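Okay, structure first, notes after.
Derivation of every value follows stated rules applied to the coordinates shown; laboratory data play no part. Please read all numbers here as calculations on a predicted model, not as lab measurements. Counting neighbours? That spans all protein chains shown, and the Cβs are built from the backbone with ideal geometry, glycine included.
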Amino acid sequence: MSGKESPVPLLKDGKRHDGRGPMDLRPIEMKIGILHNADGSAWLKIGKTEVVAAVYGPREPPMKGMVLPDRAVIRCRYHMAPFSTEERKNPAPSRREIELSKVIREALEATILTHLFPRTVIDVFVEVIQADGGTRTAAITAASLALADAGIPMRGLVAGVAVGKVQGKLVLDIDELEDMYGEADMPVAGIPTLNKIVLLQLNGVIEPHEFPQALKMAWEGIKKIHALQKKVLATKYGGEQ
Ligand code: ADP
């Protein structure tokens, strides 16, 4: 949404710049249990966007003051590695990263059964290894897998994807180019098994009549990503998740 013209056509003969159709997700790979030193972990690659999530806890907090008597406290850090972007990113947390850490935490709080672990802390760290659009939704999807890998009880797995608008048309799972030169970016995350949306944001401009369609497209994408999450968990732990 730079307002500038894209160096390549974002839509040509119904295809996007990378050959995808409007409803196609980028290729997705997921792994769990990739880190030795965390209680739970996950790696997710969607197109060129790549994230790692690590979960610690539930555990006693380093400082007594931060606990709650009736539930676990969730802490979340979303961070982009300096090497994740084309130009080296300043490693210090930016305002954007602080804001995204908060919205990701709130999305995860909707699913974690925090009341089962009073007086404890659950830490979620997400590191963006490579950024090419959709990092916040990739972060949520990976964090949810890492929480499951840590054995933390949840109401359901959370998955996320962004819908965008390019050259007047709604498209699923936008990459950085489509985000930068398109008209809108609408990240959505939800819990398909509960039929609940836990994150919804919109940058740019869409028309009110397009909104139901955009949400429907995001939900279709979320269901597909959720199916892959279940598959990767079943491969390690077996059974239906
Ligand atoms: P999201 O990654 O959730 O789509 P944004 O819409 O804010 O979040 O960012 C879109 C894309 O822009 C990111 O995925 C990344 O590829 C790029 N980007 C974001 N912040 C930076 C930054 N500080 N430096 C370089 N690229 C960035």
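Across segment 18-237, the mean sequence separation of Cα contacts (distance under 8 Å, 6 or more residues apart), normalised by length, yields a relative contact order of 22 percent. Straight-line cross-link partners of K236 among the lysines, defined as a Cα under 20 Å from its Cα and at least 8 positions apart when in the same chain: K31, K45, K224.
Computed about its Cα centre, the charge dipole of the chain is approximately 540 debye, with only Lys, Arg, Asp and Glu carrying charge at their Cβ.
From the alpha carbon centroid of segment 18-63 to that of segment 199-215 is 26 Å. Computed with the Debye formula from one identical point scatterer per Cα of segment 77-126, without solvent, the log10 of I(q)/I(0) at q = 0.21, 0.28, 0.32 Å⁻¹ comes to -0.79, -1.07, -1.21. Under 5 Å from the amide H of I112 lie the amide H atoms of R155, each residue being 5 or more positions distant or on a separate chain, with H modelled from the backbone and absent for Pro and chain starts.
Which log10 I(q)/I(0) values does segment 157-209 give at q = 0.13, 0.26 Å⁻¹ under the Debye formula, counting every alpha carbon as one identical point scatterer? Those come out to -0.32, -0.95, one per q. Set Lys and Arg Cβ to +1 and Asp and Glu Cβ to -1, take the dipole of segment 18-237 about its Cα centre, and tell me which of F117, M154, N37 lies farthest positive. It is F117. Spherically averaged projected area of the convex hull of Cα atoms, segment 15-84: 7.7 nm². Taking the three principal axes of the alpha carbon atoms in the chain, the coordinate ranges are 56, 40, 33 Å, sorted in descending order.
The residues neighbouring P82, those whose beta-carbon lies less than 9 Å from its own, together hold a net charge of +2 under the Lys/Arg +1, Asp/Glu -1 convention. Can you give the log10 of the normalised intensity I(q)/I(0) at q = 0.10, 0.17, 0.18 Å⁻¹, computed with Debye over equal Cα scatterers of segment 123-241? Taken in order of the listed q values, log10 I(q)/I(0) reads -0.31, -0.83, -0.90. Using the charge dipole of the chain (Lys, Arg: +1 at Cβ; Asp, Glu: -1 at Cβ; taken about the Cα centre), state which of A107, P91, G164 has its Cα farthest towards the positive end. Value: A107. Helical content alone sets the calculated 222 nm signal of the chain at -8500 deg cm²/dmol, taking -39,500 (n - 2.57) per DSSP H segment of four or more residues and averaging over every residue. In a DSSP loop and with at most 15 other Cβ atoms within 10 Å, the GluC sites (Glu not before Pro) in segment 139-241 are E240.
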